[in-house]
Amino acid sequence: MATILIIDDEPGIRGLLKALLHEDGHTFLEAGAGPEGVALYDARRPDMVFCDVVLPELDGIAVLKRIKALNPMVPVVVMTADSSTELAIRAMSLGASDYLVKPFGAKRTARMVRETLKSLRPEEPSVSVPVIDPHDTQPLLGNTDEMYEVFKLIGRVASQSLTVLVLGESGTGKELVARAIHSHSPQRDGPFIAVNCAAIPESLLESELFGHEKGAFTGADRQRTGKFELAGNGTLFLDEIGDMSLAVQAKLLRVIQDQEFYRLGGSQTVRTTARILAATNHDLREEAGTGRFREDLFYRLSGVVIRLPALRDRRDDIPMLAEHFLRKSAHDLKRSVRSMMPGALEILRKYHWPGNIRELANVVQQAVLQATGPTIIPAQFESLVSDPRPKEARVAPTPFDPVALREEVLQRIASNDQNVLTPLMNAYEQAIIGAVLDHCQGNMSSAAKHLGIHRVTLKSKLPAARQLAGELTTEE
């Protein structure tokens, strides 16, 4: 049990939080304005604080900073209806323990409170964090739970002088994460230097990173300054570090350990204070296990790991991203395209996106270029995307959604499918059998009775249906 302070000018929100958390036996304090909330915290020193961003007299960010000044260790959860990336990162970088977007789910909120209170360690030292310029952040977009976890981790690590490894498939926005960390870090006044290790030949990468002296090798007719020196007291981002050769990895490890290096052909030590951020789409742990990546370097890089989800795993972010790319493309191409039809957006939501956000940006740009009016219609996206998975492997739309079924049929026709009926009928049949088997806990006799077919017939259809049911079937 704990004492929880709720600062929100809406009595309904305060009542909702109390109802969600009441079962755990907590005691609640309430304030309807910023100054009142700060004063109540100072007087009563509760164990945890929920604070809305939009408050009378003193906004939530200011309240967060004042409460943290009174007690840096108290967990403060920021609440808002604004799903902006910048606000999430800024709140976390200023010491918020979590960030909730209204409306928030009951189970997630209760679990978050339990985990936060359980993890409290008053003996830990406080960490000072810089005040962030909200206009510096790159457009790292998303309002799904997966992306809010990313935003919160960025806010927590940005102010630390830690090496960060960003993992994710190609096109997921790893460089945007690195830029967001840089723009919220003490190094933000220094340069941000990005190096794509996969795009530079192995023979040139060492010189690119560390520089070389005149005469170091054939063709070295003058001294060259490497990226470590150019980064100065800023940030060096090593993209696709999994493609770096073992020889260069050894030199990079020394730089991370000793913060010094030699230019190629040089004998004088060069010091560096640049912060190193790295990214890859490889599984570095597996690569280290096979000897293709240095294990010691892997552990040096992976002190903090941020994992970016693939676009297909955050489909609810597709409308926001598509609208952003539409506005950007319309501006860049000087086109008067302003919107997308719902059917066009639905095509984007259903597509598998093997190229992730980079592919989405390209598709939207092409659609804007092809548009003949102010609105993008479904046909313009149908000509640009095609699901790389076999048609038979697609999940059939729900049997009770004729609109979704029609969209699926039209997509198959657009891809010149000559057998629309059979795979859709098979998919529906297997979905129905799987649902019935699941309900009957795998009992074939009971399932056959509900389906209105003979048990032998059901048995012949089991291989695919077993997978949909999620468990083995039984004879009786």
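Assuming R0 = 22 Å, what is the FRET efficiency of LEU230 and LYS328, from their Cβ-Cβ distance, to the nearest 0.05? Please list the in-between numbers first.
Values: r = 29 Å, r/R0 = 1.31.
E between LEU230 and LYS328, to the nearest 0.05, is 0.15.
Please state the equivalent ellipsoid semi-axes for the stretch 188-260: what are the square roots of 5 times the Cα gyration tensor eigenvalues, largest first, in whole Å? If you can, show how the numbers build up before the last one.
Values: eigenvalues 73, 51, 30 Å².
Listed largest to smallest, the semi-axes of the stretch 188-260 are 19, 16, 12 Å.
Which order do the peptides 64-76, 234-246 take when ranked by the mean count of other beta-carbon atoms within 10 Å per residue, highest first?
Working: 64-76: 17.4, 234-246: 21.1.
Packing proxy ranking, top to bottom: 234-246, 64-76.
Put a dot 7 Å past each Cα toward the Cβ at ASP316 and ALA33; how far apart are the dots in nm?
So the two model labels end up 3.5 nm from each other.
Can you list the chymotrypsin sites (Phe, Trp or Tyr not before Pro) in the stretch 154-227 that are in a DSSP coil and have 16 or fewer other beta carbons within 10 angstrom? Before the final figure, lay out each step's value.
Working: sites: PHE192, PHE210, PHE217; in loops: PHE217.
Qualifying residues, ordered by number: PHE217.
Show me the three semi-axes of the equivalent ellipsoid for the chain, from the C-alpha gyration tensor (sqrt of 5 times each eigenvalue), largest first, rounded to whole Å. Could the numbers behind the result be given before it?
On the way: eigenvalues 373, 265, 120 Å².
They are 43, 36, 25 Å, listed largest first.
Dividing the Cα convex hull volume of the stretch 250-389 by residue count, how many Å³ per residue is that?
Working: hull volume 25.7 nm³, N = 140.
Hull volume normalised by residue count: 183 Å³.
Rounded to two decimals, what ratio of Rg to Rh does the stretch 20-87 give with C-alpha atoms and a Kirkwood Rh? Before the final figure, lay out the partial values.
Working: Rg = 12.1 Å, Rh = 12.6 Å.
That ratio equals 0.96.
In debye, nearest 20: dipole of the chain around its Cα centre with unit charges on the Cβ of K, R (+) and D, E (-)? List each step's numbers first, then the result.
Values: 55 positive and 61 negative charges, 81 e Å.
Result for the chain is approximately 380 debye, rounded to the nearest 20.
What's the percent breakdown of Cα-Cα distances in the stretch 317-387 across 5 Å bins, shortest bin first?
Calculated P(r), rounded to whole percents: 3, 19, 35, 28, 12, 3, 0.
So which lysines pass the test for LYS174, namely a Cα distance under 21 Å, with those fewer than 8 places away in the same chain ruled out?
List returned: LYS152, LYS227, LYS328.
Give, to the nearest whole percent, the P(r) tail of the stretch 160-309 beyond 29 angstrom, counting all Cα pairs.
Considering the stretch 160-309, 13 percent of its Cα-Cα pairs are separated by more than 29 Å.
Quick note: the coordinates plus some simple rules give every number you see, no bench work behind them. Since we're looking at a predicted model, the values are computed, not measured. Cβ atoms come from the backbone with ideal geometry, glycine included; neighbour counts cover every protein chain shown.
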